[in-house]
């Protein structure tokens with residue numbers, strides 16, 4: 001897909017489990033959200049294409065569109081979340097590197113980009129999406145992928161230190177472990193972590209030994225279900241995450 005009125009690639013936003021996608025429509029630069037399970041399309045009120053836009057994502061079910069970084073009219077850094085139903089825009093007092101939502105969309109966790117420069121630990125802030133006020137603050141290792149649990153109090157993240165990657169659970173406010181660490185399967189590279197409302201934690205990986213110059217093989221596992229394999233598929237390497 002190209003940017004409106006250009007031939008350069010335009011970003012496409014996707015919800016964590018892939019049920020909705022969003023893109024800027026060519027004929028009028030409007031941001032539209034498509035439910036891929038039903039084909040239903042709706043326009044996000046007031047949201048138009050910006051030339052500096054590089055990436056964005058959708059919250060579960062496509063309720064919110066998250067723009068980790070961009071610029072306002074004065075060319076000042078601006079991170080924002082757009083309610084795709086009402087068009088209401090919510091901004092943060094800092095530039096965000098990553099924006100993560102809880103499975104029920106009630107909480108959003110934001111990583112300030114300034115802390116990512118340290119490559120060690122970053123401050124994280126959790127907001128309520130009902131009031132858009134801060135509900136907790138803490139620190140997190142600078143490591144991706146990560147996922148916010150229901151309730152907005154626990155973060156799952158991949159710890160690559162020590163040679164063998166583990167998925168760890170962390171209490172955001174205290175920094176204490178919030179569950180048993182789960183060992184990553186050998187020969188698989190973590191791509192994404194996703195919680196759902198039923199408290200399942202799913203892991204998307206790339207199977208390294210089954211990937212070549214043209215194609216990549218991906219695997220979905222139930223991380224907190226003994227790393228049980230849910231699905232495996234192969235796709236062209238033109239697909240990016």
Of the candidates 52, 196, 171, which one comes out as most mobile in a Gaussian network treatment of the chain with C-alpha springs shorter than 10 Å? 52
Apply the Kirkwood formula to the stretch 139-185: the hydrodynamic radius equals the inverse of the mean of 1/r over all pairs of different alpha-carbon atoms; give it in Å with one decimal. 10.8 Å
Overall dimensions of the stretch 175-241 by Cα: Rg and Dmax, Å: 13.2, 42
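Please report the relative contact order for the chain, taking Cα pairs under 8 Å with a sequence separation of at least 6, and give it as a percent rounded to a whole number. Walk me through the numbers on the way to the answer.
On the way: 566 pairs, mean separation 21.4, N = 241.
In percent, rounded to a whole number, it is 9.
Take the eigenvalues of the Cα gyration tensor for the stretch 6-65, scale each by 5, and report the square roots as semi-axes in whole Å, largest first. Mind dumping the intermediate values first?
Details: eigenvalues 70, 31, 21 Å².
After diagonalising the Cα gyration tensor, the semi-axes are 19, 13, 10 Å.
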When each pair of different Cα atoms in the chain is counted once in the 1/r mean, what is the Kirkwood radius in angstroms, to one decimal? 18.9 Å
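Any read-out appearing in this document is the output of simple, stated calculations on the displayed coordinates, not a laboratory observation. Treat the numbers as computed from the prediction; the structure is a model and nothing was measured.
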